[in-house]
Each structure stands twice: as structure tokens, then as C-alpha cells.
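Asks: Before we start, here is the structure in question, set down as C-alpha cells.
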Amino acid sequence: MSNSLRLTVPDGVPFIDFEREFDYPVADVFRAHADPALVAQWLGPRGTNIEIDHYDFRTGGSYLYHHTGPDGVSYAFSGIFHTVRKDDFALQTFEFGGYPDVVSMEFLTFEDLGGGRSRLRAHCVYPSLEARDGMASSGMESGLSEGYERLEELLASTAKASEGATL
């Protein structure tokens, strides 16, 4: 993929930042984050299955889903969507069931780059450096990278199927 994930774990602060560009319009990338049927097709690393219990991508909505890996182990992820602005921004909490009581805040910004391209930026804030370091060492980078590769593939197949129309 020509659009690689750029992940940063800055020293001394409980943050993780990442960004990823897409060769698709911001409306398509946003919709792929908003529509649970689309989310189920790309979220998470390759080889995992996702079961979405609920996913309500709107201000005040919430989500709960489970990823099951090839080893059969299931992991729960949940949170609340505090603010959602179409094709622009989402603020959500994120909690991994494997680390209860550790909740991060994730600020997602969807940017229109023009020419049918877009960028997703995220700023993730953790309650401590220890929690941030645990997330950073959990395989987060490879999971995000593979998930966004899958998203790019989904957008490509959708564009081909609809002869270039948006999602």
C-alpha cells in the first residue's frame, strides 16, 4: 500500500498519535467508520473475526464489539461516541476488555485533501504512561495498519462495483 500508517508515541506524555491517508473521498472514509456493516468488513487485523453487538456512530451513541483471533480467543472493545460531526470529527472513548478500568479518549479528524483523497488523524489520550505503553506494546500499530489496509481494499472494491461512485 502506498498510504502507510504513521504512528507516534511521544516521550513523557500519555499520548499516541497516528495518521493515514486514503485515495478516496473523506465522505467514503467517514461512512466506512460510521456504518456498522462496513466497519465489520475492515476493523481489526487480518485473520480476526468481528462480532458487533451494537455500534451507534452518533453523538451520544456507543459501541461494543468482539474480535476473535485465529486462536479462538475473543476480546471485547467498547466505548461511547461523545461527539460526531459528519465527514469531519469524532470524539470517542475506547476500552479494551483485557485491561478493564483503562479508558482512553480518541480524537479522530477526517480531512479532505482534495482530488478525491483524504486523511484520518487520531490523537489518543491515556490515563497514565503505563496504560499508554501497554497499548503501544499490544500490537496496536500492526492491528491499525492491517485494518486500514483492509479499509482501503474495501473502498477500492466498492468503487469498482459502483463504477467510481461514493459509498
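Asks: Among the residues of the stretch 105-129, count how many are touching a residue at least 40 places away in the same chain (Cβ under 8 Å) and either surrounded by fewer than 13 Cβ atoms within 10 Å (Cβ to Cβ) or not aromatic (Phe, Trp, Tyr) (or both).
Replies: 17
Asks: A further question follows. Any idea which of Arg132, Arg150 is touching a helix residue (DSSP H, G or I) at 6+ places or on another chain (Cβ under 7 Å) and either assigned to a helix (DSSP H, G or I) or surrounded by fewer than 15 Cβ atoms within 10 Å (Cβ to Cβ) (or both)?
Replies: Every option except Arg150 fails the conditions.
Asks: Do we find that Ala34 is small (Gly, Ala, Ser), surrounded by 16 or more Cβ atoms within 10 Å (Cβ to Cβ), under 13 Å from the mean Cα position of the chain (by Cα) and under 26 Å from Asp112 (Cα atoms) in this structure?
Replies: yes
Asks: When residues of the stretch 67-110 are filtered for being over 17 Å from Cys124 (Cα atoms) and of a type in the set (Phe, Trp, Tyr), how many remain?
Replies: 1
Asks: Given the criterion touching a strand residue (DSSP E or B) at 6+ places or on another chain (Cβ under 9 Å) and of a type outside the set (D, E, K, R), identify the matching residue among Gly114, Gly97, Gly147.
Replies: Gly97
Asks: Out of all the residues in the stretch 43-84, which are in contact with a strand residue (DSSP E or B) (Cβ under 6 Å, 6 or more places away or on another chain), of a type in the set (Lys, Arg) and in contact (Cβ under 8 Å) with a residue 60 or more places away in the chain?
Replies: Scanning the stretch 43-84 gives no hits.
Asks: Does Ala159 satisfy the condition of being in a helix (DSSP H, G or I), in contact (Cβ under 8 Å) with a residue 40 or more places away in the chain and among the aliphatic types (A, V, I, L, M)?
Replies: Yes: the conditions hold for Ala159.
Asks: Separate question: Would you point out which residue out of Phe94, Phe110, Phe57 is more than 25 Å from Val9 (Cα to Cα), aromatic (Phe, Trp, Tyr), in contact with a Phe, Trp or Tyr (Cβ under 8 Å, 6 or more places away or on another chain) and at pLDDT 95 or above?
Replies: Answer to the selection: Phe57.
Asks: Do you know which of the residues in the stretch 53-73 that are of a type in the set (A, V, I, L, M, F, W, C) and within 14 Å of the chain's Cα centre (by Cα) is surrounded by the most Cβ atoms within 10 Å (Cβ to Cβ)?
Replies: The extreme case among them is Phe57.
The values are calculated or read from the model by the stated rules, or taken from the named source; none is laboratory data. Predicted model only: the values in this text are computed from it and were never measured. Here the Cβ is made from the backbone with ideal geometry for all residues, glycine too, and neighbour counts use every protein chain on show.
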